[in-house]
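The values are calculated or read from the model by the stated rules, or taken from the named source; none is laboratory data. Worth saying up front: this structure is predicted, and the values here are computed from it rather than measured. Positions of Cβ are generated from backbone atoms using ideal geometry, with glycine treated the same way; all protein chains shown enter the neighbour counts.
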There are 2 protein chains.
Amino acid sequence: MKATAPGAVRGLALRARAAAPAVAAASTGAKDAALLASADQLLRDAAEIMAANQVDVDRARTVGTPEQMVDRLLLDNDRLVAMADGLRQVADLPDPVGTVTAEWSRPNGLMMRKVRVPLGVVAIIYENRPNVTSDAFGLCLKSGNVAFLRGSSGGLSSNLAITRSIRRALFENGLPEDAVVLVDDVSREAAVDFMRQRGLVDCLIPRGGPALISSILENATVPYVIDGDGNCHVYVDAAADLEMAADIIVNAKMQRPSVCNAAESLVVHQAVAGDFLPLAASVLTGVELVGDERARQVLPYIAAATDEDWSTEYLDLKLSIRVVNDLDEAIAHINGTGSGHSEAIVTEDALAADRFTNEVDAAAVLVNVSTRFVDGDEFGFGAEIGISTQKLHARGPMGLEQLTTEKYVIHGTGQVRA
Amino acid sequence: MKATAPGAVRGLALRARAAAPAVAAASTGAKDAALLASADQLLRDAAEIMAANQVDVDRARTVGTPEQMVDRLLLDNDRLVAMADGLRQVADLPDPVGTVTAEWSRPNGLMMRKVRVPLGVVAIIYENRPNVTSDAFGLCLKSGNVAFLRGSSGGLSSNLAITRSIRRALFENGLPEDAVVLVDDVSREAAVDFMRQRGLVDCLIPRGGPALISSILENATVPYVIDGDGNCHVYVDAAADLEMAADIIVNAKMQRPSVCNAAESLVVHQAVAGDFLPLAASVLTGVELVGDERARQVLPYIAAATDEDWSTEYLDLKLSIRVVNDLDEAIAHINGTGSGHSEAIVTEDALAADRFTNEVDAAAVLVNVSTRFVDGDEFGFGAEIGISTQKLHARGPMGLEQLTTEKYVIHGTGQVRA
């Protein structure tokens, strides 16, 4: 595994681009067969992949990486089986390519169609978690795209072994091996190069923390979709069913605190704060609570929330609590501090629910349901490549459809414009 | 009209952002009334607008601006009436906001809806042509967005007068004046600031040349949609109706050479080059032709095309001609040199047409019709803000729908995730 030469990213991007027409033209059957074969090959190559992963894990431990991070990197048999299952599930999903999304004719006789087509080359830059390598490949292939991947330095051995295995399956199934291209130069310079392959890369999707996102904003020249933070709120309205609200905040905060659709903040109408906060505190077992002055009047033992708390995605068993005068203040607070991911209201008042869903500016707005449902699988999209908090192209869970674009196909009989 | 202070762009962006909720919530009736009132007000303020425009025109002539450029800047009564009519036409278009684009339920009882909503603040940076000021405002308002505008220094007086007039109409119709905010600092620094208002601007649309586009790629931190070049081809297949092909290339090249959907290159199958090229040359009156070796065997008097010609958008009465062996070579040439805008085939062979429309990678692919039809009006979308050659969010003509995003609205009855 030698380091690639300067300019190597460009060369790899050219290979990805060159493979794109054949991948875009591949039939659903051919793509599904390659996905199933890739799943089998990953399991067949388990020993080789585990050995490669051990190299990454050993290196991480040697440099003193915290065990929590090492765990994200680690592959075991269950995780490899899950990766293979993920590819099989994608094979089962409907192929978005070729769908006619609109069809009309014009008075001059032109027949117009809008057809769903692959993006071409989808670049994904990600941190650790070797399963992203096969997950991203699967979604890209099914949607007719080449997966151009750049994982972290810490996962390089694992990612090389996984792509080697997938490329073998692609080759044996008559698809271009370059349907997946992994950048093996894990330097910072290569990461910047990776973001600047304009004309070769059709869409860049970063999966990582704030440092990666700001590097994208500063350096990228290719189009990108950002899978952003989730500073999600649950608002308990004056007209809430308080038992339901307690169930929802417990689920939204505690069921899996480390994910982007977990709640980070509880907003409570003043009319119910006195009743609801003690109830909530009694069931949010083990959750560190911080609150504003009025929340602390009800729960005097909790710490004061700082300004920073309102905009922090804890991703942990911590929750900020704010008491508001009314729905207006709740909406203003959520729009002012949220990240536009998933925002929930608990209320029996249909008018309040309507105002909340209309006025809160987020990818998903929810009434009487946990924010944890905002995910591709729960929406029925199947696997997802991320959850977009931007408004262009894709907003919310990004499944196969969000990995495509559309093309106008126009048939005439010799029309010219007057 | 004093220069704005440093940081002024941020202040203006904050004003635009603050106006966004009220503009997004405005009813169709309120928006249409304000559009019609703005049209009336522009005509009522004609003298003031013309006087301001005269300042710009005089300044341009003083610094020796070519008359062709001065003409782009010039407003006369007809052009002002056209601007007002443009606003009235937008009032007549259907409002895209609030449309439910998908609706389904999940086995756990969640009711899912996907609803079209405004982007919020749409920033537009453009060169000369004061009509863009009112056109952009009209499309933004109808789609529920604030128009945050930055025109060229050359058009500042005109743009200020136009926005003053529109803001008066907005105020008198109960909508926020800041539904249109014009940046009056026309320095380069302000242009860069304008591209970096992340968190305040939801979408940036540049309308200008390559220098502006590369500044966006290097500097922008806000999401953007690029209205790119059109290096459009007409391919005359072996099975073409040659009379039809001649009509189409004449229309595509000559009907309005300065626009992005005009053809810049003619690609001809070798089997018909001998018959077609003399016919084409005889009707392309006044068009400068350059060709490859095989084209020049048929038309020995034309100049040789250089490599640069194949990728040049002339926007003028000039056309490059290439003879290809077959459809494969035509597709490869077009994908290799085109800008992904509009690409046409002329053929009676349905199989060739299918291959061309499937394999050519462009916003619009056309069979037996002039490329000149690729425009929002001709598609039936009404007015357009530009034609996107990128694949994310919007591809092809961008009308009102492309100025919106979608939001998931989810109703439950207390569901929590297991």
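Values as computed for the structure displayed
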{"item": "Entirely in the stretch A:77-137, the strands (runs of 3 or more DSSP E) that have 1 or more residues that are polar (S, T, N, Q), surrounded by fewer than 20 Cβ atoms within 10 Å (Cβ to Cβ) and in contact with a strand residue (DSSP E or B) (Cβ under 9 Å, 6 or more places away or on another chain)", "result": "A:100-105"}
{"item": "Boolean, B:Arg106 is in contact (Cβ under 8 Å) with a residue 40 or more places away in the chain, of a type in the set (Lys, Arg) and touching a helix residue (DSSP H, G or I) at 6+ places or on another chain (Cβ under 8 Å)", "result": "no"}
{"item": "Meets criteria (at pLDDT below 95 and either farther than 22 Å from A:Val360 by Cβ or basic (Lys, Arg) (or both)) for B:Glu177", "result": "no"}
{"item": "Residue count for the stretch B:393-410, restricted to those that are more than 7 Å from every other protein chain (Cβ to nearest Cβ) and either within 30 Å of A:Asn368 (Cβ to Cβ) or not in a strand (DSSP E or B) (or both)", "result": "7"}
{"item": "Boolean, A:Ser342 is among the small types (Gly, Ala, Ser) and either within 18 Å of the chain's Cα centre (by Cα) or modelled with pLDDT under 95 (or both)", "result": "yes"}
{"item": "Condition met for B:Arg59 (in contact (Cβ under 8 Å) with a residue 60 or more places away in the chain, surrounded by fewer than 18 Cβ atoms within 10 Å (Cβ to Cβ), more than 12 Å from every other protein chain (Cβ to nearest Cβ) and not polar (S, T, N, Q))", "result": "yes"}
{"item": "Residue list for the stretch B:102-129, restricted to those being within 9 Å of chain A (Cβ to nearest Cβ) and of a type in the set (Phe, Trp, Tyr)", "result": "B:Trp104"}
{"item": "Those helices (runs of 4 or more DSSP H) lying entirely in the stretch B:190-300 with at least 1 residues touching a residue at least 12 places away in the same chain (Cβ under 8 Å), more than 10 Å from chain A (Cβ to nearest Cβ) and touching a Leu at 6+ places or on another chain (Cβ under 7 Å)", "result": "B:242-254, B:270-283, B:293-298"}
{"item": "Pair list, Cβ under 8 Å, 6 or more apart: the stretch B:9-21 residue away from chain A (no Cβ under 14 Å) and touching a residue at least 12 places away in the same chain (Cβ under 8 Å), other residue surrounded by fewer than 19 Cβ atoms within 10 Å (Cβ to Cβ) and β-branched (Val, Ile, Thr)", "result": "B:Leu12/B:Thr4"}
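Rundown of residues vs (1) of a type outside the set (S, T, N, Q); (2) in contact with a strand residue (DSSP E or B) (Cβ under 7 Å, 6 or more places away or on another chain); (3) surrounded by 17 or more Cβ atoms within 10 Å (Cβ to Cβ), yes/no style:
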position: A:Ala169; (1), (2), (3): yes, no, yes
position: A:Val183; (1), (2), (3): yes, yes, yes
position: A:Val186; (1), (2), (3): yes, no, yes
position: A:Phe194; (1), (2), (3): yes, yes, yes
position: A:Gly199; (1), (2), (3): yes, no, no
position: A:Ile205; (1), (2), (3): yes, yes, yes
